[in-house]
Amino acid sequence: MGSAAHAHNVDLSDRPAPDKVLTDIADYVTQYKVTSEEAYTTARYCLMDTLACGIMALKFPACTKMLGPIVPGTVVPNAVHVPGTKHALDPVKAAFDIGCMVRWLDFNDTWLAAEWGHPSDNLGAILSVAQYMPDMTMKDVLTAMIKAHEIQGCLALENSFNKVGLDHVVLVKVASTALAMQMLGGTHDQIVDALSHAWVDGQALRTYRHAPNAGPRKSWAAGDATSRAVRLAMIVQSGEIGYPGVLTAPKWGFYDVLFGGKEFKFQRPYGSYVMEQILFKISFPAEFHSQTAVECAVKLYPQVKDRLDQIEKITLTTHEAAIRIISKVGKLNNPADRDHCLQYMVAVPLLTGNLVAENYEDDFAANPKIDALRAKMEVVEDKRYSVDYHDPEKRSIANAMQIFFKDGTSTEKVEIEYPIGHRRRRKDGIPLLEEKFEAALKAHYSPDQAQRIIDMCGDQKKLEAMSVREFVKGWV
């Protein structure tokens with residue numbers, strides 16, 4: 001009786017079986033064989049596009065100041081190389097640098113669901129560990145990319161982390177941890193343990209993505225997540241134990257502490273769906289919910305470029321997620337603030353006919369015509385757009401725009417439901433993706449080196465057979 005009376009004063013210390021979310025991911029990473037030709041082909045394009053985004057970011061000092069050894073002059077044996085630079089680093093810092101470059105311009109691929117994110121952010125960890133381990137081929141890299149995309153994307157389909165204030169890079173860290181551990185030679189149990197550490201970290205707050213605190217941390221948050229993933233995998237590789245009930249533990253687990261007591265939901269089993277469906281940012285370095293809006297503005301530019309002072313009102317029709325995430329009024333304080341403002345991203349192409357990364361910098365943003373156009377915009381939701389955004393068969397990202405003039409006339413209402421980087425527009429999009437890739441290389445490398453890289457990436461079978469170290473050597 002005495003023991004029962006005092007039971008509420010003690011915790012039961014029987015260690016539970018690992019949470020199913022952890023074991024399902026470990027099962028997928030260790031057992032699933034990718035057979036989809038479409039997934040591998042898309043992964044090659046994703047590799048090209050992701051590295052191109054990183055190369056383009058090297059033009060910006062705000063990015064390059066983040067790169068290189070933590071202690072200047074550090075020499076690392078068996079170092080990992082950072083494409084486009086001379087940096088030779090340990091795998092943890094290299095993962096940060098690659099991830100930072102890739103995400104800096106907000107131009108790499110996107111996944112939109114209950115939670116959104118950028119699955120190619122995982123390349124920071126994947127390419128770093130693949131160089132660190134001997135005898136890995138580029139097919140190993142493409143396979144890891146497909147699986148990292150799948151883990152991040154499937155977790156995001158039904159689970160919104162931003163709604164509880166957590167940043168979506170939690171899913172980058174989780175996916176990268178699973179693949180880093182597997183690539184380091186980890187067992188199924190070690191993958192489970194490493195994943196538990198990824199969840200136990202607590203996760204970053206989203207405040208650096210939103211007014212009034214929006215800032216450049218959002219550009220290196222994914223690098224931070226991939227480097228942490230590599231570090232956690234290496235800690236577990238050294239023999240550190242995991243925490244099997246990290247998600248489900250009453251009171252102290254992730255669900256109770258950070259997810260409102262709710263368990264994760266899943267729409268589909270892990271396969272290769274996410275890579276096949278991935279959304280490429282091809283035309284504009286802009287937050288993805290705005291991509292079709294920017295495309296609408298480019299289409300309307302010829303009709304308004306000589307009538308800007310005659311505009312009475314600009315109506316932007318969009319979906320709920322865009323309103324919640326990127327619709328802003330008031331002062332925009334830095335490039336990171338501007339590239340997450342729907343009204344700013346639409347105003348620029350109405351003024352210039354295009355939108356490029358340099359348009360977010362302070363000198364360009366000082367143009368008073370931008371804010372004058374922003375002040376004339378009204379944002380309204382089309383419920384159909386919001387429904388189709390969540391439809392797994394459509395996955396549209398629709399926007400429409402109509403401009404009204406002071407004399408009572410107006411443009412037609414221009415509507416675009418699927419951006420050029422959508423799976424439904426692959427036929428039109430891939431040639432433009434290749435142009436984006438080649439332009440990035442030619443702006444950074446000598447003509448000969450740029451062409452060698454283009455040739456190296458152009459043949460699926462040859463690329464898959466190539467050693468990782470040979471591949472990366474071509475980019476140094």
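The values are calculated or read from the model by the stated rules, or taken from the named source; none is laboratory data. Given the structure is predicted, the values throughout are model-derived calculations rather than measurements. Neighbour counts run over all protein chains shown; Cβ positions are idealised from the backbone, glycine included.
Things to note:
- Cβ-Cβ contacts under 8 Å between residues 6 or more apart (or on different chains), taken from a first residue in region 363-377 that is touching a residue at least 40 places away in the same chain (Cβ under 8 Å) and under 11 Å from residue 343 (Cβ atoms) to a second residue that is of a type in the set (S, T, N, Q) and surrounded by 16 or more Cβ atoms within 10 Å (Cβ to Cβ), are listed as 373/343; 374/343; 377/315; 377/343.
- All positions within region 234-269 that are closer than 14 Å to residue 22 by Cα and either acidic (Asp, Glu) or not in a loop (DSSP other than H, G, I, E, B) (or both): 254, 255, 263
- In region 161-179, the residues that are closer than 16 Å to residue 23 by Cα reach residues that are among the aromatic types (Phe, Trp, Tyr) and in a helix (DSSP H, G or I) with C-beta atoms within less than 8 angstrom, at least six apart or across chains, in these pairs: 174/199.
- Of the residues making up region 195-202, none is buried (at least 21 other Cβ atoms within 10 Å of the Cβ), over 25 Å from residue 165 (Cβ atoms), small (Gly, Ala, Ser) and over 17 Å from the mean Cα position of the chain (by Cα).
- Among residues of region 173-188 being β-branched (Val, Ile, Thr) and more than 21 Å from residue 260 (Cα to Cα), the one that is surrounded by the most Cβ atoms within 10 Å (Cβ to Cβ) is 177.
- Beta carbons closer than 7 Å, at least 6 apart along the sequence or on distinct chains, pair a first residue in region 432-450 that is within 14 Å of residue 474 (Cα to Cα) with a second that is charged (D, E, K, R) for 450/442.
- Any strands (runs of 3 or more DSSP E) falling wholly within region 363-476 and containing at least 1 residues that are within 25 Å of residue 274 (Cα to Cα): 399-405, 414-416
- Qualifying residues in region 53-70 (those that are among the aliphatic types (A, V, I, L, M) and more than 26 Å from residue 134 (Cα to Cα)) - the one surrounded by the fewest Cβ atoms within 10 Å (Cβ to Cβ): 62
- Condition check for residue 358 on (1) assigned to a helix (DSSP H, G or I); (2) touching a Phe, Trp or Tyr at 6+ places or on another chain (Cβ under 8 Å); (3) crowded, with 16+ Cβ neighbours inside 10 Å: one failure, at (3).
- Residue 35 meets all of the listed conditions (1) part of a helix (DSSP H, G or I); (2) out of contact with any Lys or Arg (no Cβ under 9 Å at 6 or more places or on another chain); (3) closer than 28 Å to residue 264 by Cβ but one, namely (1).
- Residue match in region 114-124 (condition: over 25 Å from residue 52 (Cβ atoms), modelled with pLDDT under 95, of a type in the set (A, V, I, L, M, F, W, C) and out of contact with any Cys (no Cβ under 6 Å at 6 or more places or on another chain)): yes
- The residue pairs whose first member lies in region 128-155 and is charged (D, E, K, R), whose second member is buried (at least 24 other Cβ atoms within 10 Å of the Cβ), and whose beta carbons are closer than 7 Å, counting only pairs six or more residues apart or on different chains, are 140/130; 147/29; 147/179; 150/274; 150/275.
- Just so you know, in region 419-453 the residues that are more than 13 Å from residue 283 (Cβ to Cβ) and at pLDDT below 95 include one that is nearest to the chain's Cα centre (by Cα), and it is 423.
- Qualifying positions in region 138-166 - crowded, with 18+ Cβ neighbours inside 10 Å and not in a helix (DSSP H, G or I): 159, 161, 166
- Qualifying residue in region 266-280 (condition: β-branched (Val, Ile, Thr) and over 29 Å from residue 49 (Cα atoms)): no
- Search result, residues across region 75-123 that are β-branched (Val, Ile, Thr), in contact with a strand residue (DSSP E or B) (Cβ under 7 Å, 6 or more places away or on another chain) and surrounded by fewer than 24 Cβ atoms within 10 Å (Cβ to Cβ): 76, 110
- Test: residue in region 272-292 that is surrounded by fewer than 18 Cβ atoms within 10 Å (Cβ to Cβ), among the basic types (Lys, Arg) and closer than 21 Å to residue 385 by Cα: no
- For region 303-342, a tally of residues being closer than 27 Å to residue 407 by Cβ and either free of Cβ contacts under 8 Å to residues at least 24 places away in the same chain or small (Gly, Ala, Ser) (or both) returns 2.
- All positions within region 306-355 that are surrounded by 21 or more Cβ atoms within 10 Å (Cβ to Cβ), assigned to a helix (DSSP H, G or I) and not hydrophobic (A, V, I, L, M, F, W, C): 335, 337, 338, 343, 344, 349
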